[in-house]
Amino acid sequence: MNQEAVRRQYLDAMGITTLASRYCLPNALETPACEWEQASPQAPVSHSQRLHALLDDAQQAEADRRTTPPEPAANPASLKALLDEGAPQAEPPPAPVEQALPVPAPEKPRQPLTFTLSCLCLGGRWLSLHGGELTVEQRSLLANAYHAAGIPASAMSAWQTFTWPPLADGPAAQEPLLEAQEGLSAFVSGTASRNGWAPTRVLWWAGDDTSPLARVLAAQEEGEQVVSQTLSLPLWQGPDPASLLNDGAAKRRLWPLLVRLGEAWREEQASE
């Protein structure tokens, strides 16, 4: 209703006459005549003056609303204090002390296992692994050892070299040992697939059981034989080729191992 009255005032100030329809109800009595007091004549006000006056009134009302401070809301605690006036007041509980959570120390990036191995395959069945890159003298020594065991030189494949990790500046390792084992397994399976090998045994020439390659091969005793858990193959271990070059006593201790190795070779060749 107030908005309708304001709207009519604005229309009247702009000189727009509003019309209100009136109807006479059927059988209604006539409205008695009334005498209206005549208002004193006033000077006519232009439409623009009346419009500006209405705008000024609206601006003044908005300014009064902004300057008038809002009435403070009733505080529930104050009302409760008035209702409970005279009753003993309980002490407020102490504020909880915030304990600083320990900040975990940043985890140091793990360094990948690093190793290099040289390998060849005997008859497409026995995989011969050696830590590091072998020299010409060491390769010749191993060829003579296999020849002494009864394995001909024609059964020896070409030498292969594998280095882990493949990228020197690669990303930090999440699980160094697991990643190295997967890398060695992928290298052996890929090389065997390209050359048509079907490895049945691993010949591992190394004397240090704590080397990174030893951890990667994960040799473990299963019954009467040792098995590489990474390659899932039986493992035979001999001395480090570097220790045999100038050590006659080490060569004599190797001879019984070569005899048994030759017997196993002939048995496997006969079973094929």
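The values are calculated or read from the model by the stated rules, or taken from the named source; none is laboratory data. These figures come from a predicted structure and were not determined experimentally. As a convention, Cβ positions derive from the backbone with ideal geometry for all residues, glycine included, and neighbour counts pool all protein chains shown. These accessible areas exclude ligands, DNA and RNA; they are computed on the full protein's heavy atoms, side chains included. Shrake-Rupley method; radii C 1.70, N 1.55, O 1.52, S 1.80 Å.
Take every DSSP beta bridge with both residues inside the stretch 139-272 and express the antiparallel ones as a percent of the total, to the nearest 5.
60
How far apart, in nm, are two points set 7 Å out from the Cα along the Cα-to-Cβ line at Glu182 and at Ala198?
2.9
Can you work out D for the stretch 218-272 in µm² s⁻¹ from Stokes-Einstein, where Rh is the Kirkwood radius over C-alpha pairs, the temperature is 37 °C and the viscosity is 0.692 mPa s? Don't jump to the answer; show the numbers that get you there.
Details: Rh = 13.1 Å.
Once the numbers are plugged in, D ends up at 250 µm²/s.
Going from most exposed to least, what order do Asp169, Asp64 have by accessible area with a 1.4 Å probe?
Ranking Asp169, Asp64 by accessible area, largest first, yields Asp169, Asp64.
Carbon and sulfur atoms: what percent of the 1.4 Å accessible area of the stretch 199-272 do they account for? Could you put the intermediate results ahead of the total?
On the way: 2050 of 4290 Å².
Heavy-atom surface of the stretch 199-272 belonging to carbon and sulfur, 1.4 Å probe: 48 percent.
Just to make sure I understand: if all protein chains stay in place, what is the order of Val226, Val136 by accessible area at 1.4 Å, largest first? Write out the running numbers ahead of the final one.
On the way: Val226 50, Val136 115 Å².
The most accessible residue leads, giving Val136, Val226.
Dipole size in debye (nearest 20) for the stretch 170-272 around its Cα centre, Lys and Arg Cβ +1, Asp and Glu Cβ -1?
The dipole magnitude comes to about 400 debye.
Once you charge only the Cβ atoms, +1 for Lys and Arg and -1 for Asp and Glu, what is the size of the charge dipole of the stretch 111-233 about its Cα centre, to the nearest 20 debye?
I would put it at about 500 debye.
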